[in-house]
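Enquirer: For reference, the structure I am asking about is given below.
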Amino acid sequence: MKAIVITTPGGPEVLQLQQVDDPEIKDDEVLIKVEASALNRADTLQRKGAHPPPKGASPYPGLECSGTVLSVGKNVTRWKVGDQVCALLSGGGYAEKVAVPAGQVLPIPPGVSLKDAAGLPEVACTVWSTVFMMSRLSAGETFLVHGGSSGIGTFAIQIAKTKGATVFVTAGSEDKLAFCKNLGADVCINYKTEDFVTRVKEETGGKGVDVILDCIGAAYLQRNLDSLNFDGRLCLIGFQSGAVTEIKLNTLLPKRLTVQGAALRPRSHENKAMVVNEVEKNVWPAIAAGKVKPIIYKSFPLSETGEAHRLMENTSKRFLSKDSNPAMKAIVITSPGDPEVLQLQEVEDPKIKDDEVLIKVEAAALNRGDIYQRQGFYPPPQGASPYPGLECSGIIQSVGENVSRWKVGDKVCALLSGGGYAEKVTVPAGQVLPVPSSVSLSDAASFPEVACTVWSTVFMMSRLCAGERLLIHGGSSGIGTFAIQIAKFKEAKVFVTAGDEQKLAFCKDLGADVCINYKTEDFVARVKEESGGKGVDVILDCVGAAYLQQNLDSLNVDGRLFIIGSLSGFVAEINIGTIFAKRLTIQASALRTRSIEEKAAIVSEVEKNVWPAIISGKVKPVVYKHFPLGEAAAAHQHMESGKHIGKILLIP
């Protein structure tokens, strides 16, 4: 047969039509006589030597095709000789024949020609798997597509509109923008004449979009993050402008953003088959109904592949009244600064709302967020108490008229938005938890923030499962000591880092499997050594910028990095290629900025999933030291020294 051979890495001229051997099909494959193959950006990268085919795949370019089935492997049951099909390939589409696993084959949608169907598999699988399966775009949400006039872009506009999204696009000419508008795009932005961040904010009332599909990469990374709404998702499917750039983690943290990267080609046959199945189920009906149509710009003979590549590469690309009768004492931050600004003063009692309870505080735990608030970097959410303290335990003194579960005298602990460094605090009833049996009332103050943080990030969002590997930076911290215990309870293998042997020994006693001294060892090398070169599946990180690239290098394929702090700073250089190649997910979040409803949902999940482990004694409070409330400054100094293991408590 004839196929396009890449004679050497280089320009379009290296693409030569040559006689080659027919492909041999395996038992689970079909052989297709190719009617047409579509160009994709990855084909140009392969031609340049930057995107090699996966092991065992055809060496010839071409990631999608249409055609007629010539033969089928003995294990293939759905397809038969003569079937007209299109297929998602790992390579080989630039040829007269191609072998493909049967699970990656799709029927030709009604109303679409055999030739035009070649323009569907890669774009449909890419857009559906990233925008809908990974980024979970929903009806009523806003969606920005960079390169709206590209193959991916034109398909994404159409399918997003059928799913009830508001679609924003960027493109580099008015002709392209008009075409996108005709396809259904709601907001069309010329990136050459407009700042897309400003336009997105203007069109969304300052909120930003919910999902972004980006093929540009480095040059757009920070601007994409700036364009996202709270809980926004950025999906990277290319890096035309480069792979290495700086990222400001303080953009991710307050808005709880998710950054994901994915490529179809390196996925397993099983994964691709799953994606193809979802596409046939969810996308093919929209095509059959005429709501999504293939967009074909031009057709070339196979022998003119070089010219087709030139045409593709020549397209534009840029790519927060005081009462006169103070009734309680609280720690007041007299001005942003060092620990001495923490002063015990008399303040008014808090007033409870109908859905709140008033707690007489037994103990409050210190968290890193309290230090940031003291320094002026982490203000309380609107309407929250101005006093620090994100978790407490105590006894209910009164309840709002809408509260049914809790009653006066109940011993509880609670997740707070602030106010724990006080004798009394109000809190929404949904953020209150019973004190677990066998745990003292004061020690219970050490649980709410760490339990809600770890459960929401490691389990609810990063989906750590039994048998997976978890790396915890700061294993001896309050978060770390809790995370070790709950992860072991859930049958994960736990890796930790800490800065001295005493802390590592403590982590080991809690159940950590691999303990790494970051001062004397390279944690990336040790992680790879202990995981057979694979890496860990989930990382919980409080270090931030200084560890960002090393964390990515330590992750397994489909690994998830969750950032809950940035002790080392917010700005880091990042290699997007690492995210892209291993289908990594970077997420960041802070509990304090979440809505009351979101916190209540997390607290409910914690009571259901974590409290049984505490009650059974499998997870225990780790309390390092108690300080009187009036010595909050000394407690902060101790925490900032880094000498503690576990939690530090304040006792009013």
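Enquirer: What translational D, rounded to a whole number of µm²/s, comes out for region 53-178 from Stokes-Einstein when the hydrodynamic radius is the Kirkwood one over Cα pairs, at 10 °C and 1.306 mPa s?
Expert: Translational D for this selection: 98 µm²/s.
Enquirer: Could I ask something else about it? List the lysines whose Cα sits under 18 Å from the Cα of K97, skipping any in the same chain fewer than 8 residues away.
Expert: K2, K26, K33, K80, K115
Enquirer: At a threshold of 8 angstrom on Cα-Cα distance, excluding pairs fewer than six apart, so keeping six or more, what relative contact order does region 35-180 reach in percent?
Expert: Here the relative contact order equals 19 percent.
Enquirer: With all distinct Cα pairs included, what does the Kirkwood hydrodynamic radius of region 115-188 come out to in Å, to one decimal, could you say?
Expert: For region 115-188, the Kirkwood estimate is 12.2 Å.
Enquirer: Something else now. From the P(r) of region 342-426, can you give the percent of Cα pairs sitting at distances over 17 Å? Provide the component values of the computation, followed by the final result.
Expert: On the way: 1646 of 3570 pairs.
Tail fraction, whole percent: 46.
Enquirer: Give the span of region 515-652's Cα atoms along each principal axis, as three whole-Å numbers ordered largest to smallest.
Expert: Ordered largest first, region 515-652 gives principal extents of 52, 36, 31 Å.
Enquirer: Using Cα positions and a limit of under 18 Å, work out the aspartates and glutamates in reach of K528, with same-chain residues fewer than 8 apart set aside.
Expert: E468, D513, D537, D541, D553, D558
Enquirer: Using alpha carbon centroids, what distance separates region 1-27 and region 384-430, in Å?
Expert: 69
Enquirer: Distance between the C-alpha centers of region 581-626 and region 520-568? Whole Å please.
Expert: 20
Enquirer: Can you list which of the chymotrypsin sites (Phe, Trp or Tyr not before Pro) found in region 555-652 are DSSP loop residues with at most 10 other C-beta atoms within 10 Å?
Expert: Counting only loop positions with at most 10 other Cβ atoms within 10 Å, none of the chymotrypsin sites (Phe, Trp or Tyr not before Pro) in region 555-652 qualifies.
Enquirer: For region 124-262, evaluate the Debye formula with one uniform point scatterer on each Cα (no solvent term) and list log10 I(q)/I(0) at q = 0.11, 0.13, 0.19 Å⁻¹, rounded to two decimals.
Expert: Normalising to I(0) and taking log10 leaves -0.33, -0.47, -1.08.
Enquirer: Here is a follow-up. For region 2-119, compute Rg over Rh where Rg is the Cα radius of gyration and Rh is the Kirkwood radius from the inverse mean 1/r over Cα pairs.
Expert: 0.97
Enquirer: Still on this model: Which value in deg cm²/dmol, rounded to the nearest 500, describes the helix-derived mean residue ellipticity at 222 nm for the chain, given -39,500 (n - 2.57) per DSSP H run of n ≥ 4 and division by the residue count? Show your work: numbers first, answer last.
Expert: On the way: 20 runs with 174 residues, N = 652.
Value at 222 nm, helices only, nearest 500: -7500 deg cm²/dmol.
Enquirer: Also, quick follow-up: Using only the Cα atoms of the chain, what are the Rg and Dmax in Å?
Expert: When restricted to the Cα atoms of the chain, Rg and Dmax are 28.1, 93 Å.
Enquirer: With the alpha-carbon atoms as the only input, what is the per residue convex hull volume for region 451-588 in Å³?
Expert: Working: hull volume 12.9 nm³, N = 138.
Given the Cα convex hull of region 451-588, per-residue volume reads 94 Å³.
Taken together, the values in this text are just the output of simple stated rules run on the coordinates, not laboratory data. These numbers come from a predicted model, not from an experiment. Heads up, the Cβs are rebuilt from the backbone with ideal geometry, glycines too, and the neighbour counts pull from every protein chain shown.
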